[in-house]
Amino acid sequence: MLRQGDTGDWIGTFLGHKGAVWGATLNKDATKAATAAADFTAKVWDAVSGDELMTLAHKHIVKSVDFTQDSNYLLTAGQDKLLRIYDLNKPEAEPKEISGHTSGIKKALWCSEDKQILSADDKTVRLWDHATMTEVKSLSFNMSVSSMEYIPEGEILVITYGRSIAFHSAVSLELIKSFETPATINSASLHPEKEFLVAGGEDFKLYKYDYNSGEELESYKGHFGPIHCVRFSPDGELYASGSEDGTLRLWQTVVGKTYGLWKCVLPEEDSGELAKPKISFPETTEEELEEIASENSDSIYSSTPEVKA
């Protein structure tokens, strides 16, 4: 399903997979989409028309897809423990394969201007050289790696496992810093300005931490199930959280700014004092409001949106 980033408005639904979709991504200019699914395929779509462009058959469940910056190649990974690189200009050609993982791969990402590849399985993260197709370095963990995010600006790798959030150099895999959290974390995302990060996990809560000090700035609830993914928007103005409760929620990074459906209204002066700004929404339907969550949300719950053909 494709939605407008700043408002959450539904744009369209990609129909074609015959199994659960484990991964999805857009290319750099948002003209193409790729999906990874339990039906042993990865698919490439026209993100403007919604048309299916190609189906790439695999031998097991596919969990991760990622485009190169020029959109000419697609990286896939999944339960068969292999990394595959497809030339999208030659879809009939066999993909290049990289082996070395000893368990199913959860995430695979291009990094360092597509010169290297990062991949994570159950308890290891590996760095590969694209040109030689060989492993450069690996990290081992004593518990399952739950998520991995790559930040190109500064070459930072964000890894979550257990109650830990770790930051590594994406070039050398050397540890930069790590934080401990009160609950098991499934996903974390670093703000583009690298001032703070957000994380979510098994206790239904979202946490915000100062990146430099590791201090917990806020924690709040809004979801009614474990949170499986959080990500900042490219401009850093909001972040999204996806949960087992069947909802995707959008949160303002700085509450009170006019952005997307959020509007800051300053009332006229009353008794010589300027009233506090209030947040209002433009002509918004009740259904749309149910999909909007702010940092003050304690009791908002929205049902799974109806899929329209």
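Quick look at the numbers
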| item | result |
| --- | --- |
| Dipole in debye (nearest 20) - region 1-140, about Cα centre, beta carbon charges: Lys, Arg +1; Asp, Glu -1 | 480 |
| Packing rank of 131-140, 213-222, where each peptide gets the mean count of other beta carbons within 10 Å, highest leading | 213-222, 131-140 |
| From phi via Karplus (6.51, -1.76, 1.60), per-residue ³J(HN,Hα) for region 246-258 in Hz, x at Gly/Pro | x, 10, 10, 10, 9, 10, 6, 5, 10, 5, x, 8, 7 |
| Mean Cα-pair separation over length for region 1-119, i.e. relative contact order, pairs under 8 Å, 6 or more apart, % | 16 |
| Mean-position separation - Cα centroids, region 64-114 and region 135-149, in angstrom | 17 |
| Nearest-20 debye value, the chain charge dipole, Cβ charges on Lys, Arg, Asp, Glu | 1220 |
| Overall form of region 107-237 per C-alpha gyration tensor (a/c, 1.5; a/b vs b/c) | prolate |
| Nonlocal amide H pairs with Met54, under 5 Å, H built at 1.01 Å | Val44 |
| In Å², nearest 10: area of Lys205 left accessible to a 1.4 Å probe | 60 |
| Net lengthening on full extension, Thr258/Ser103 (0.36 nm per residue, minus Cα-Cα) | 51.2 nm |
| Pairwise FRET efficiency - Val265 versus Ala20, Cβ, R0 = 41 Å, nearest 0.05 | 0.45 |
| Approximate spin-label separation Lys115-Glu92, in nm, with each point projected 7 Å along Cα-to-Cβ | 3.5 |
| Normalised contact order of the chain, rounded percent, pairs of Cα under 8 Å and 6 or more residues apart | 8 |
| Under the Karplus curve 6.51 cos²θ - 1.76 cosθ + 1.60, θ = phi - 60°, whole-Hz ³J(HN,Hα) for region 110-119, x wherever Gly or Pro sits | 6, 8, 6, 6, 6, 7, 9, 10, 10, 9 |
| Placed amide H near Tyr211: partners under 5 Å, 5+ positions off or other chain | Phe196, Leu197 |
| Projected label distance in nm at His60 and Ala30, using a 7 Å step from Cα toward the beta-carbon | 3.5 |
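The values are calculated or read from the model by the stated rules, or taken from the named source; none is laboratory data. Please read these numbers as outputs of a predicted model, since none were measured by experiment. As a convention, Cβ positions derive from the backbone with ideal geometry for all residues, glycine included, and neighbour counts pool all protein chains shown. Heads up: the accessible areas ignore ligands, DNA and RNA and are worked out on the full protein's heavy atoms, side chains in. Shrake-Rupley method; radii C 1.70, N 1.55, O 1.52, S 1.80 Å.
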